[in-house]
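S.K.: Mind looking over this structure? Questions follow.
The values are calculated or read from the model by the stated rules, or taken from the named source; none is laboratory data. This structure is a prediction, so every number in the text was calculated from the model and none was measured. Here the Cβ is made from the backbone with ideal geometry for all residues, glycine too, and neighbour counts use every protein chain on show.
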């Protein structure tokens, strides 16, 4: 993964976290909303962990696509 792609992934994760947090906490009127923090943790922690695992393993999109669809479409390159 190139540095540019890494920074894009981090930026999109952070933007998603901020937008989701705003959509959740602004209507609540407070940051002291335990259910909101729990929801953010449940949604974003697995995304973060999956991103780290994919980064460490070095899995390319083409490889993931091929591994999922090769039994169905054996003619894929």
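S.K.: State all residues of region 20-41 that are closer than 24 Å to residue 55 by Cα and out of contact with any helix residue (DSSP H, G or I) (no Cβ under 9 Å at 6 or more places or on another chain); if no residue qualifies, say none.
M.R.: 41
S.K.: Looking at the chain, what helices (runs of 4 or more DSSP H) fall wholly within it and have at least 1 residues that are surrounded by 10 or more Cβ atoms within 10 Å (Cβ to Cβ) and modelled with pLDDT of 95 or more?
M.R.: On the way: elements: 3-28, 34-57, 61-69.
It comes to 3-28, 34-57.
S.K.: While we're on this one: Would you please list the contacts, defined by Cβ atoms under 8 Å and residues six or more apart or on different chains, that run from a residue in region 32-44 that is free of Cβ contacts under 8 Å to residues at least 12 places away in the same chain to a residue that is in a helix (DSSP H, G or I) and surrounded by 10 or more Cβ atoms within 10 Å (Cβ to Cβ)?
M.R.: 33/24; 33/25
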